[in-house]
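Note sheet for the following structure.
Every read-out reported here was derived from the displayed coordinates using simple, explicitly stated rules and does not represent laboratory data. In this text, all values refer to a predicted model and were calculated from it rather than measured experimentally. Heads up, the Cβs are rebuilt from the backbone with ideal geometry, glycines too, and the neighbour counts pull from every protein chain shown.
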Amino acid sequence: MTALVRIGELVTVDEVSEAIDAKVARAPGEFVPSEEQDSTPVEGSPGIDDPMAAEEVSIPSPAFSVYEVVTYDLTSNTYRLKTIIGVEIFRTVSKKNVVKMDGHFDKAAIAALAEHHEHFRASLGEHEPVPVTEAESEAEAEAQRRTDIMRQHCAKVDPISKRQAMAKLKVGPTIFHKIKRIYRLNPDWRAQIAGKDGRRPGEKRIDPDVDAIITAVFDSHRINYGANDAEALDEIQLQCQKINKRPPSRTTVWRRWHALSERDRLKSTDGPEAAQAKFGNYPTPTVEEFYPGRIHDIDHTPLDCHALSPTGDPLGRAFLTLVRDRDTQGIMGFALLFGAPKRASISAAVHMALCPKTALLAKFGLSHLHWPLYGKPVQYVVDHGSDLMAESFRVACDHEDIKHIPRLRPESGGGVERGLGILNRSFVQTLDGATASATKKGPGYKPHKKAVYTLERLTELIIVWICKFNNKKGRKDQLSPNQRFERKYGLHDGVIIPPPTVSDPGRFVIDILEGREVTVARNGVVTRELVYKFGPFSKMVGEKIYIKIDPNNLHRIWGLHKDHWHPLWLVNPHTEPLTLAEQKMILKARREDTDADNKRLDAQEQLNIIKAKGKKEAKAIQKAQEDVAQVERMGHFGPPQAPSEPDDAKPTTPMPIIIAELDEDI
C-alpha cells in the first residue's frame, strides 16, 4: 500500500495474504499475529517445523470487510483496526495486507475541488515566490513625474522646450539643470527620488565611456592564470587615448576590479569550471528525499571476543556484519556468524535491517527495549570484498531498485568502520574472553580460556547494546538515531507514514545467496553429494534448474520455477549435516581416509599378478600346442594319438581317381 493512511480512514484487509502470514512459518522479524487472532495450532495440523507444513496450510476464501484505522505501531509495522459493521471487533494487521478504500471517492473529490476553485481564488503555497506590494509614496510619484517630463524634453523627435519643461516641473533653472543632469546619467525614475547630497546608489563619477573601456578590458586582457593589473592598465590607457579621454588612475581600476563578484573574478583568472566547482549551486536537500534511511553501509569485522559452544568447547572469534544508516547514524541490523564473511552473513544482516525488530526482541525476552529502525534504503555502500561485490547481491539490489555503490576510497566508509570500532572497543572488549583488535597482551594471555559466552548469548548482548546505542543523543541536534527515524516515520498529525520496505524480504535475501545450475536426477535434485526432494521439478528429469544454497542450512535449498523460489527439502535430514562447513569436512575426511585407497591398491596389485600369471600360462600352453602340431607335420614318431580299435573304425573317404593322360602335371 503506497497511499498514506490517516487515523479514522476506512480500509479493507487482504485476508488471503493475512492468513498465509499468520499460519506459514515465520522468520525472525516478520509479522506476528496479535492476541486477538487465533494463532493456536489445531490438533492434527502440521507444525511450524514440519517441512511440508507450508504445502498443507489451507487458505480460507477471501472475505470483504470494512475497518476503521485506530492506530499504527511503527516498531512492528502493523495497524490496529476496528470493524464498523456488526459487532465491534479489534484486530492487528500487517501493513502490507491493508488496502486503503479511496477509489470510490475520486469523482466526488474532483468535483468539490473544481467548485472550490470556481468560488475562491487560489492562494499561493508556502514555497511559491511572493510578489512585492506596490504602494507608491509621494516621493516616488514625484520622481516618476519628473522623469516623464524630462523624457519629453530630451526626446529626439518633437521635444518640448526648456520653458515648457520648467513650467511643468514648476522649478527654476538651477533645479532644472540638476534634474536634467541626473536623467542623463541614469534615466531610471528611481534616480530622481530626493535623498542626501552626493552620488545616488549606482551613480559613478567616472566618464561612462571610460567605465565601459575598463569593463571590456577586464574581459579581454585580465584573464587566465597570468592575469595582472599592469597589463590591464596599459590596455585601458591605450583605449582611452584612442577616444581622447583621460585614463583612470590605478586606484580606480583596482576598485572596479573588486566591485566584481568573487565568482566573476575567479572565472576570469581560473576559468568557468573552477568558478562552478566553488560557487556552483546544488539542489537543496529535503526531508522527504534524504532523511532518513537514504544510504546504508555494510561491513565486516572479527568480534573482539571468543565464544564457546553449548558444551563449553572454545570456538574462537566470530565475524560481525553490520548495517548502518548514514542519516540517522543508527544500526539497522547485524549478523554474528563463524567463518569468513560470506553472502550468508550479508543476507542475515540485511534481513534484520529490512524487518521490524518486534519478533526478534520477543524471541530473546527483550520486548521492553526500543529498536524501531528498519526499512529499505535508496542505496547500499560497500567495500570491494568478494562477498559484497558478488553478482547475486547486485542483481538482488537491482530487482528492488536499490543502488549498489562500491566505495571509491576507504574514507567513504568511515561511518560504519567507526561504528564497528565503537562496538568492539567500548563494549565487546569489556567482556570475559575478550581480546584486543591488535593484541597487545603478553605471551601468557589466553582469551579462549576465559571465554564464558556462547554465540547465542553474545548475540543477545549485542542486541541490548544496540538498543542502548540507538537511544543515545547526538551532540549537535540532541536527537538519538531512534528519534531521527521517528521524526519522519510513524503517526504524525493523524497521518500514518510507514518506512519504505522491499516487496518480500525473504525473496530478497534468497537472491543474495550463492546460486548454481544443477541437472535434475532420477532420484531427486542432487548437489554437493546431497539428495533433495523433487518439489515442482518431478517432471523435469534431465533438465537443468537454478538453485540457491544457504550455507547455514543445507537441509533446505530453493529452486527457481516460474519466477518463484520453491523450497526443496533434504531426503534424509537426520543422517546428513546441517551446514556447508560440516559437509565440506565430511567430504574432506573421506578424501583423506587412506584405508579404502590401500585396499583398492592391494586389489589392483593382485589383479596385475593374476593377469601376468595368466599370460605366462597361456603362452606355455600355446608353445605346447605348437610342438604337437610340428610333430604331426614332420611325422617323426607317428601319429600323436593311439590307433583306434577295429570295431571303432570309421569309414574313410576314398581318394580321388587321377587319370594321367588328362593331367599334364602328373
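Work through the residues other than E514 whose Cβ is under 9 Å from its Cβ and net out their charges, Lys, Arg +1 and Asp, Glu -1.
So the surrounding residues net to +3.
Over the Cα atoms of the range 445-494, what radius of gyration and what Dmax do you get, in Å?
17.4, 59
What FRET efficiency comes out for the pair E68/R475, r = Cβ-Cβ distance, R0 = 56 Å, nearest 0.05?
According to the calculation, E is roughly 0.85.
Check Y453: other-chain or 5+ apart residues with amide H under 5 Å from its amide H, H built from backbone geometry?
For Y453, the qualifying residues are L308.
Let's see if you can work this out: charge +1 on each Lys and Arg Cβ, -1 on each Asp and Glu Cβ, no other charges. What is the dipole magnitude of the range 509-599 about its Cα centre, in debye to the nearest 20?
The calculated dipole for the range 509-599 is roughly 280 debye.
Which whole-angstrom value gives the distance between the alpha carbon centres of the range 535-609 and the range 151-183?
Taking the Cα centre of each part, the range 535-609 and the range 151-183 sit 106 Å apart.
Give me, ordered by chain and number, the residues 5 or more places off E9 or on other chains with an amide H under 5 Å from its own placed amide H.
V69
What percent do you get for the relative contact order of the range 513-592 when only Cα pairs under 8 Å and 6+ apart count?
After rounding, I find 26 percent.
Order of D14, D148, D325 from fewest to most other C-beta atoms within 10 Å?
D148, D14, D325
I want to make sure I understand the PRE zone here: with the label point 7 angstrom from the Cα of E456 toward its beta carbon, which residues in the range 300-316 have backbone N atoms less than 11 Å away?
310-311
Could you tell me what a quarter of the Cα convex hull surface of the range 315-382 works out to, in nm² with one decimal place?
5.5
For I496, I466, which order do you get if you count the other beta carbons within 10 Å of each Cβ and list the fewest first?
I496, I466
Once phi is turned into θ = phi - 60°, what whole-Hz ³J(HN,Hα) does the Karplus curve with 6.51, -1.76 and 1.60 give for every residue of the range 375-387, x standing for Gly and Pro?
With the stated coefficients, the range 375-387 comes to x, 8, x, 7, 7, 9, 10, 10, 7, 9, x, 5, 6 Hz.
Listing V452, V382 from the residue with the fewest other Cβ atoms within 10 Å to the one with the most, what is the order?
With the sparsest Cβ surroundings first, the list reads V452, V382.
Report, by chain and number, residues whose modeled amide H sits under 5 Å from the one on A434, excluding near sequence neighbours (fewer than 5 apart, same chain).
H306
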